[in-house]
1. Do we have Ile54 as at pLDDT 85 or above and surrounded by 13 or more Cβ atoms within 10 Å (Cβ to Cβ) here?
2. Starting from residues that are assigned to a loop (DSSP other than H, G, I, E, B) and touching a helix residue (DSSP H, G or I) at 6+ places or on another chain (Cβ under 6 Å), keep the ones in the range 169-182 and report whichever is modelled with the lowest pLDDT.
3. Checking Leu16 against (1) over 27 Å from the mean Cα position of the chain (by Cα); (2) surrounded by 12 or more Cβ atoms within 10 Å (Cβ to Cβ); (3) more than 26 Å from Val146 (Cα to Cα), which test does it fail?
4. State yes or no: is Glu60 in contact with a Lys or Arg (Cβ under 8 Å, 6 or more places away or on another chain) and of a type in the set (Asp, Glu)?
5. List every residue pair whose Cβ atoms lie under 7 Å apart, where the two residues are 6 or more positions apart in sequence or sit on different chains, the first residue falls within the range 109-123 and is under 13 Å from Asn50 (Cβ atoms), and the second residue, located anywhere, is surrounded by 12 or more Cβ atoms within 10 Å (Cβ to Cβ).
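The values are calculated or read from the model by the stated rules, or taken from the named source; none is laboratory data. All values reported here derive from a predicted model rather than from experimental measurement. Neighbour counts are summed over all protein chains in view; Cβ atoms, including those assigned to glycine, are modelled from backbone coordinates with ideal geometry.
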Amino acid sequence: MDNLLLIVVIAVVALLYFWYVSIVSKRNKAREALSGIDVQLKKRSNLIPNVLAIAKRFMEHEAELLTGVTELRTRADAGYDAANPDAVKEHLQAASALGSQMGRLMISVEAYPDLKSDETMLQAQRTYNEVEAQIAAARRFYNAAVTQLNNSVEIFPGNLLAGFAKASVMPFYETDEGSKQPVDASAFLN
């Protein structure tokens, strides 16, 4: 009887240990995915000053939009604590808002024939589109990792072990409300 009890205790401890390891692995994968997003966001951030410099030469009437992009870039580039879900959420919201504003800027380029035919601007737009595609892929990878982590820390017995693993629910990378609205390109072409 003592051997059976010992085997059961060892099995339970082993199961809890493997569950703990699973949670830590999923937490680390989600953080890795967040880091991947940050790499892509930094690429976009580094591209923005060039796009703004090119656009500024042609778009005197869009000063508010250009200033807004600059301010959002500063917010999106601010440091944050990856272990703090609220800080991660704020970081991702700022990045999403910046993407939305950059989309508006790229659409407004259409109203300026000299700008939209400028070879430097065309190359910047192509590069920007490539970076946005990479951000979208990184966002999908991050959201998949976050789904696995969130499931493991919210479902029993993971919810009991999450504190020991220093894991908590992480926010999804969602688009901001502005980017969900259809863009009226005619507003930029008048």
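1. no
2. Once the filter is applied, the top-ranked residue is Asp176.
3. (3)
4. Answer is no for this residue.
5. Cβ pairs passing all conditions: Asp118/Ile54; Thr120/Ile54; Met121/Ile54; Met121/Val109; Met121/Leu115.
Here's the yes/no breakdown for (1) under 27 Å from Lys166 (Cα atoms); (2) acidic (Asp, Glu); (3) at pLDDT 85 or above:
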| site | (1), (2), (3) |
| --- | --- |
| Ala63 | no, no, no |
| Ala82 | yes, no, yes |
| Tyr112 | no, no, no |
| Asp118 | no, yes, no |
| Gln125 | no, no, yes |
| Glu132 | no, yes, yes |
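One line per residue, one yes/no per condition, for (1) in contact (Cβ under 8 Å) with a residue 24 or more places away in the chain; (2) charged (D, E, K, R); (3) more than 25 Å from Phe172 (Cβ to Cβ); (4) surrounded by 19 or more Cβ atoms within 10 Å (Cβ to Cβ):
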residue	(1), (2), (3), (4)
Asn50	yes, no, yes, no
Glu60	no, yes, yes, no
Thr67	no, no, yes, no
Leu72	yes, no, no, yes
Arg75	no, yes, no, no
Ala78	no, no, no, no
Asp81	no, yes, no, no
Asn84	no, no, no, no
Leu98	yes, no, no, yes
